[in-house]
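The values are calculated or read from the model by the stated rules, or taken from the named source; none is laboratory data. A quick note: this is a predicted structure, and the numbers were derived from the prediction, not measured. Note that each Cβ is placed from the backbone with ideal geometry, even for glycine, and that neighbours are counted across all protein chains shown. Ligands, DNA and RNA are stripped out before the accessible areas are found, and what is left, the full protein with its side chains, is counted by its heavy atoms. Shrake-Rupley method; radii C 1.70, N 1.55, O 1.52, S 1.80 Å.
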Amino acid sequence: MAYIIATDSGCDILPGVLEDWGVVSADLTFRFDGEDREYTNREMPAKPFYDKMRAGGISRTSAVNIEAFMDLFRPVLEAGNDLLYIGFDSGISTTSEHGIAAARELQEEFPERKIIAIDTLCASGGQGLLVKKAVELKAAGMELEPLAAFVRSLSPSVATWFTVDDLVYLKRGGRVSGVSAFVGTALNIKPVGHIDSDGHLPVIQKVRGRKAALKKMVDGMVDIIKDPEGQRILISHCDCEEDALALKEMIVKTG
């Protein structure tokens, strides 16, 4: 039976790329303080988004709701396809919970279809890597249920490290205090963290300067990789391509 892979924009794969892969996707939305309009990443590309943030704009993100997932999934099922949803980390967002709820409800409406929904406990490039691997395995002929089992088994081994240029959003999210954010910004402190096994974002360490933060991420990667030949590494960046290229060079030099 034919099946379709679905995901959401938490995977940080460009909508056009997902379309080329044959993946359907639901969009999280965001709104800037002082504006009435909600956007998706299809409606505001990355460059103007980050330009607004650098100018002091405060963006607030909303999860995909159940109705939006049902609107995405239903046409796939009505066309006679089964469905695999690979969802955004529930430790960060309720998006995948809503996707799973929509899948459960639609399973009752389409009992003849196979509908599998997965909370990956991964986000951004980590979630994107799982989607890409699923697309490749589907193209190689893997059936829906073995593919879903593989994604579930692979998810815990995906390591996602991150750093940010300032502490504003970590302060807003309650991960650092206002005083720590003020002092850290003044001292050029850069937090380095990762997504843990529960899908949460603990700050692991604070280092001085951007270059040191990039090196800390590389060191964290080296510590956990046991077989460099068998690894796939994806670098996601938030309109800071120069840093991303520097990080790539640092990784390459590790051998």
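Positive end of the dipole of region 18-129, charges at C-beta (+1 Lys, Arg; -1 Asp, Glu), about the Cα centre: which of G128, M53, L83 has its Cα farthest in that direction?
About the Cα centre, the residue reaching furthest to the positive side is M53.
Applying 1/(1 + (r/R0)^6) with R0 = 35 Å to the Cβ-Cβ distance of K52 and Q205, what FRET efficiency is obtained, to the nearest 0.05? It would help to have the intermediate numbers written out before the result.
Details: r = 29 Å, r/R0 = 0.84.
With R0 = 35 Å, the Cβ-Cβ based efficiency is 0.75.
Could you give the length gained on full extension between M44 and D198, defined as 0.36 nm per residue of separation minus the Cα-Cα distance, in nm?
Numbers: separation 154, 0.36 × 154 = 55.44 nm, distance 3.08 nm.
Between M44 and D198, full extension yields an extra 52.4 nm.
Structure shown: which of K47/K206; K47/K132; K47/K114; K52/K206 lie over 32 Å apart, alpha-carbon to alpha-carbon? Could you put the intermediate results ahead of the total?
Details: K47/K206 27 Å; K47/K132 24 Å; K47/K114 39 Å; K52/K206 26 Å.
Among K47/K206; K47/K132; K47/K114; K52/K206, the Cα-Cα distance tops 32 Å for K47/K114.
Going by a ≥ b ≥ c, the root eigenvalues of the Cα gyration tensor, does region 38-94 fall in the rounded group (a/c under 1.5), the prolate group (a/b larger than b/c) or the oblate group? The partial results should precede the final answer.
Numbers: a/c = 3.11, a/b = 2.20, b/c = 1.42.
Verdict is prolate for region 38-94.
With all protein chains present, how much of the accessible area of region 83-150 (probe radius 1.4 Å) comes from carbon and sulfur, to the nearest whole percent?
Details: 1470 of 2670 Å².
Carbon plus sulfur share of accessible area: 55 percent.
Once the Cβ-Cβ distance between E143 and I233 is put in as r, and R0 is 30 Å, what FRET efficiency do you end up with, to the nearest 0.05? Walk me through the intermediate numbers first.
Values: r = 28 Å, r/R0 = 0.94.
Working from the Cβ atoms, E equals 0.60.
Roll a 1.4 Å probe over the protein chains and send me the accessible area per residue for region 13-129 in Å².
Heavy-atom accessible area per residue stands at 47 Å².
How many nm is it between the label spots at E97 and A2, if each spot is 7 Å from the Cα in line with the beta carbon?
3.5
Can you tell me the dipole magnitude for the chain around its Cα centre, using point charges on the Cβ only (Lys, Arg +1; Asp, Glu -1), in Debye to the nearest 20?
Numbers: 29 positive and 38 negative charges, 260 e Å.
Magnitude of the dipole: close to 1260 debye.
Here are labelled values, [x] 29, 21, 17; [y] 26, 20, 19; [z] 33, 23, 15, and one is the computed semi-axes √(5λ) of the Cα gyration tensor in Å for what I pasted. Which one?
The value computed from this structure is option [z].
Would you please name the GluC sites (Glu not before Pro) within region 41-110 that are DSSP coil residues with at most 16 other C-beta atoms within 10 Å of their C-beta? All intermediate terms of the calculation are to be shown ahead of the outcome.
Numbers: sites: E43, E67, E78, E97, E105, E108, E109; in loops: E43.
Filter output for region 41-110: E43.
Using the Kyte-Doolittle scale, which helices in the chain average at least -0.5 and also have C-alpha atoms spread 20 Å or more along the helix axis, with helices defined as whole DSSP H runs? It would help to have the intermediate numbers written out before the result.
Working: long enough: 95-109 (21 Å, -0.89); 124-139 (23 Å, 0.17); 210-224 (22 Å, 0.03).
Both cut-offs are met by 124-139, 210-224.
In region 1-140, with Lys and Arg counted as +1 and Asp and Glu as -1 at Cβ, which of these residues, A63, Y3, I13, has the Cα nearest the positive end of the dipole, that is, farthest along it?
I13
Nothing charged except the Cβ atoms of Lys and Arg (+1) and of Asp and Glu (-1): what's the magnitude of the dipole of region 78-119 about its Cα centre? Round to the nearest 20 debye.
Working: 3 positive and 9 negative charges, 19 e Å.
The calculation lands at about 100 debye.
Where a ≥ b ≥ c are the square roots of the eigenvalues of the C-alpha gyration tensor, would you call region 16-71 rounded, which needs a/c under 1.5, or, failing that, prolate if a/b is larger than b/c, or oblate? Don't skip to the answer; put the middle values down first.
Working: a/c = 3.45, a/b = 1.51, b/c = 2.29.
The shape class here is oblate.
When only alpha-carbon atoms count, how far does region 1-102 stretch along each of its three principal axes, as whole angstroms with the largest first?
50, 27, 24
Using 0.36 nm per residue, how much length does the chain from L14 to A212 gain when fully extended, once their Cα-Cα distance is taken away? Don't skip to the answer; put the middle values down first.
Details: separation 198, 0.36 × 198 = 71.28 nm, distance 2.90 nm.
Result for the pair: 68.4 nm of gain on full extension.
For K253, go through the aspartates and glutamates and keep the ones whose alpha-carbon is under 13 Å away, minus same-chain ones fewer than eight residues off.
Within the straight-line cut-off, K253 pairs with D219.
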